[in-house]
Amino acid sequence: MLPEEDGLSVLQNLKSDPDYSDIPIIIISAKTTELDRVKGLDLGADDYLCKPFGVMELVSRVKARLRNTEKKDEYIYCGIILSESKRSVMVDGEKIELTYKEFELLKLLICKPKTVFSRETIMETVWGYDDNLGRTLDMHINTLRKKLGGKGKYIVTIRNVGYKLEKEETNET
C-alpha cells in the first residue's frame, strides 16, 4: 500500500541486493490475514507486525531482531578469508601475515566489496586522520597486493578517487 511500489516488492529488492540482504526487516502492515503474513515471511522478512500494535511490543520485536544479528566475524571474497576474532587472513587456504594497518585496510575493502572508498575515507578509517600529502596509502596498497599474491589484482585503483575490492581483470595501477 505504498504510493509507488508495494512493500513486498521493496522487501524482495532489498533481500536480492547483497549490500542489504543481511539487514533485518520487520513488516508493519494493516494487512492482517494469515496469507499476507506468510507471504511477507516467506519473501525474507524477519518478523511481521499487524496494525494496531503497542509501542512496547514493537520495541521488544526490534530488540529481538537486533539480538539475532550478531556482528559478522568472517569475511570471504574470491578465495580471501579475513577473520576478525582470529586476526588472520587466508588466501586460497594459505595463511598470510599482515601488519595491523594492512589488516585494517583489507578489512575495510572486504567488508563492502565493489564499493569505491575514497582516499580520504580510507585514511580517516584506517589511520584516523586524512593526510593525503604522503604516499602512505599507496605504499600499503602495493604491499597488500603483493602479500595477497594473485588475489592482489582484485584491489582496483579508481584513478583520482581511491580503491575498491572487486574481481576484475583490468586494474588501473
Could you state the angle between the C-alpha long axis of helix 136-147 and the longest principal axis of the C-alpha atoms of the chain, as a value from 0 to 90 degrees rounded to the nearest 10? 90
Calculated FRET efficiency for the pair ASP92/THR143, C-beta based, R₀ 25 Å, to 0.05: 0.85
Accessible area (Å², per residue) of the chain, counting only protein heavy atoms and a probe of 1.4 Å: 64
Listed here are the pairs LYS107/LYS153; LYS63/LYS101; LYS15/LYS95; LYS101/LYS167; which of them are more than 28 Å apart at the Cα? LYS63/LYS101; LYS15/LYS95
Across LYS51/LYS72; LYS31/LYS114; LYS72/LYS164; LYS31/LYS112, pairs whose alpha-carbon gap is larger than 27 Å: LYS51/LYS72; LYS31/LYS114; LYS31/LYS112
Angle between the Cα long axis of helix 100-111 and the longest principal axis of the chain, 0 to 90 degrees, nearest 10? 40
Could you pull out every residue, at least 5 positions away or on a different chain, whose amide H is within less than 5 Å of the one on LEU148? Hs are placed 1.01 Å off N in the peptide plane, and Pro or chain starts have none. none
Calculated FRET efficiency for the pair LYS39/ASP19, C-beta based, R₀ 25 Å, to 0.05: 0.55
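For region 1-151, what relative contact order do you get, as a whole percent, if you take Cα pairs closer than 8 Å and at least 6 residues apart?
Working: 137 pairs, mean separation 20.9, N = 151.
With pairs under 8 Å counted, the relative contact order is 14 percent.
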Using just the Cα positions, wrap region 12-72 in a convex hull and report its mean projected area in square nanometres, one decimal place. 4.5
Kirkwood Rh and Cα Rg combined as Rg over Rh, evaluated for the chain: 1.10
Jot down the per residue volume, in cubic angstrom and as a whole number, of the convex hull over the alpha-carbon atoms of region 39-134. 180
Hey, with R₀ at 41 Å, roughly what FRET efficiency would ARG67 and VAL116 work out to, going by the Cβ-Cβ distance, to 0.05? 0.80
Amide H neighbours of LEU49 under 5 Å, at least 5 residues apart or on other chains, H built in the peptide plane: list them. ILE27, ILE28, SER29
Nearest 10, in degrees from 0 to 90: the angle of helix 55-68 to the longest Cα principal axis of the chain is 40
GluC sites (Glu not before Pro) lying in DSSP loop within region 36-94, provided at most 10 other Cβ fall within 10 Å: GLU70
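The values are calculated or read from the model by the stated rules, or taken from the named source; none is laboratory data. Since this is a predicted model, take the numbers as computed values, not measurements. For neighbour counting, all protein chains shown are included, and Cβ atoms are generated from backbone atoms with ideal geometry for every residue, glycine included. Accessible surface areas use protein heavy atoms only, side chains included; no ligands, DNA or RNA. Shrake-Rupley method; radii C 1.70, N 1.55, O 1.52, S 1.80 Å.
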